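Heads up: the structure comes next, in structure tokens.
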Amino acid sequence: MKLMYFAWVRERIGKAEEVIEPPATVSTVGDLIAWLSSRGEEYAHAFETPKVIRAAIDHTHVQPGTAIAGAREIAFFPPMTGG
């Protein structure tokens, strides 16, 4: 599956996107964030406060409990403000 990172999440990780194969135990967006956090210091820093991270699966905003099965693309980004 393709992961995309935006704004300061991208800056902290050091890349805009990557293709990954998460373990079978990773079934939700929240699980994915927790797993990513364990992949290295840059990921731990980017996801240190998971409550503020927003996610979208295939261009639809989702909650942390949303299943990732069948997702083609998952995007992570900080809260956005209008303007």
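Here are some residues: PRO64, PRO79, PRO22. Which one is assigned to a loop (DSSP other than H, G, I, E, B) and open to solvent by 70 Å² or more (accessible area, probe 1.4 Å)?
One residue alone meets the criteria, PRO64.
Within segment 25-44, can you find the residues that are open to solvent by 50 Å² or more (accessible area, probe 1.4 Å) and in contact (Cβ under 8 Å) with a residue 40 or more places away in the chain?
SER27
Run PHE47 past the list (1) more than 15 Å from ALA67 (Cβ to Cβ); (2) loosely packed, with under 14 Cβ neighbours inside 10 Å; (3) not aliphatic (A, V, I, L, M) and report the number of the one that doesn't hold.
(2) is the only condition that PHE47 fails.
So, in segment 1-19, of the ones that are open to solvent by 70 Å² or more (accessible area, probe 1.4 Å) and touching a residue at least 24 places away in the same chain (Cβ under 8 Å), which residue ends up farthest from PHE77 (Cα to Cα)?
ARG12
The values are calculated or read from the model by the stated rules, or taken from the named source; none is laboratory data. Note that the coordinates shown come from a computational prediction; the quantities given were computed from them, not determined experimentally. Please note: Cβ atoms are built from the backbone with ideal geometry, for glycine as well, and neighbour counts cover all protein chains shown. We work out accessible area using only protein heavy atoms, side chains counted, and drop any ligands, DNA or RNA first. Shrake-Rupley method; radii C 1.70, N 1.55, O 1.52, S 1.80 Å.
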